[in-house]
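One structure below.
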Amino acid sequence: MRIIRTIARWRGLQKAHARKGLTLGFVPTMGALHAGHVSLVKKSAAENDRTLASIFVNPTQFDDPRDLENYPRALERDAKLLAASGADYLLAPEYGELYPDGYRYRVQETVDSKLLCGAHRPDHFDGVLTVVLKLLHIAGARRAYFGEKDYQQYLLIKGLAEAFFLDTEIIPCPTVREADGLAMSSRNMLLTPEQRAAAPQFHTALSAGKNTAAIRRLLARKGFSVDYVAEKYGRRFGAVRAGKVRLIDNVKI
Ligand code: AMP
């Protein structure tokens, strides 16, 4: 697997692949990879001739500077995992490569991005949609893969691709969970052993609870600080904090 640091370098490779008629799948990530990310890479590798993954911890989508600072980073380990999972290229650009404008230009969705996580993390989805638009343009892929763990994000990115007539098909991938039901997340490694032991109750409550008010009460009793539990798009969504670590999840109703 080749590691690429600059957009110019990737563009040259992408054009060469296009000339040969090779299909390209793209998996954007923020690194600290786990089996959820691996499932996206494997799906891309199965459906395309070549797979590009990216790792970029995008500062513009963090509303809390401490969260950005504490976000786990493990590039060397990630590169090995990506190569073993079938990725052909890893794009790992610096901030200045992706934001030559210093984030003066940004994409905003005005309705669905204000709900659920958007109501609790102001401007979060502006940062997500802006970086994803940049990355999708740069990648030039036939297909791009996103996890249903971040279902609101998936819906907004699908809408972005439609609104701006992007040539990339946006493909949803099922949430990968630990054996105890906890949705895999790079932030899980920041949980203390006690918080990790309690964390699966979040998914259990979301799946089994009768209604959102009862689930909120149950989660509060279990010691979580509840951002929201809400039903939308035929799914039940939740976001809680276990100490300083924010967990999100959603299940089909
Ligand atoms: P992140 O590195 O958290 O930005 O995630 C990169 C991509 O992996 C996004 O499309 C996520 O939705 C997806 N992803 C993260 N965790 C999981 C998971 N547990 N199962 C499936 N996809 C996931």
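So which of 164, 146 ends up being under 22 Å from residue 58 (Cβ atoms) and away from the ligand (no atom under 14 Å from the Cβ)?
164
Hey, any hits in the stretch 48-70 for a residue that's at positive phi, within 14 Å of the ligand (Cβ to nearest atom) and in contact (Cβ under 8 Å) with a residue 12 or more places away in the chain?
There is no residue in the stretch 48-70 that is at positive phi, within 14 Å of the ligand (Cβ to nearest atom) and in contact (Cβ under 8 Å) with a residue 12 or more places away in the chain.
Which one is farthest from residue 63 (Cα to Cα), of the residues in the stretch 84-131 that are surrounded by fewer than 19 Cβ atoms within 10 Å (Cβ to Cβ) and of a type in the set (Asp, Glu)?
97
Among the helices (runs of 4 or more DSSP H) contained in the stretch 141-253, which hold 1 or more residues that are open to solvent by less than 20 Å² (accessible area, probe 1.4 Å) and not basic (Lys, Arg)?
Hits in the stretch 141-253: 151-163, 200-208, 212-221.
Here is a list: 199, 205, 183. Which entry is touching a residue at least 12 places away in the same chain (Cβ under 8 Å) and farther than 24 Å from residue 68 by Cβ?
Result of the check over 199, 205, 183: 205.
Name the pairs whose Cβ atoms lie under 7 Å apart, with the first residue in the stretch 140-161 and farther than 16 Å from residue 39 by Cβ, the second open to solvent by 40 Å² or more (accessible area, probe 1.4 Å) and polar (S, T, N, Q), and 6 or more positions between them or separate chains?
Hits for this filter: 140/14.
Is it the case that the stretch 100-114 has a residue that's at pLDDT below 95 and over 30 Å from residue 50 (Cα atoms)?
No, the stretch 100-114 contains no residue that is at pLDDT below 95 and over 30 Å from residue 50 (Cα atoms).
The values are calculated or read from the model by the stated rules, or taken from the named source; none is laboratory data. Bear in mind the structure is a predicted one, so any value in this text is a computation, not a measurement. Don't worry about glycine lacking a Cβ; one is built from the backbone with ideal geometry, like all the others, and counts go over all protein chains shown. Each accessible area value is taken on the protein alone, full model and side chains, heavy atoms only, with ligands, DNA and RNA left out. Shrake-Rupley method; radii C 1.70, N 1.55, O 1.52, S 1.80 Å.
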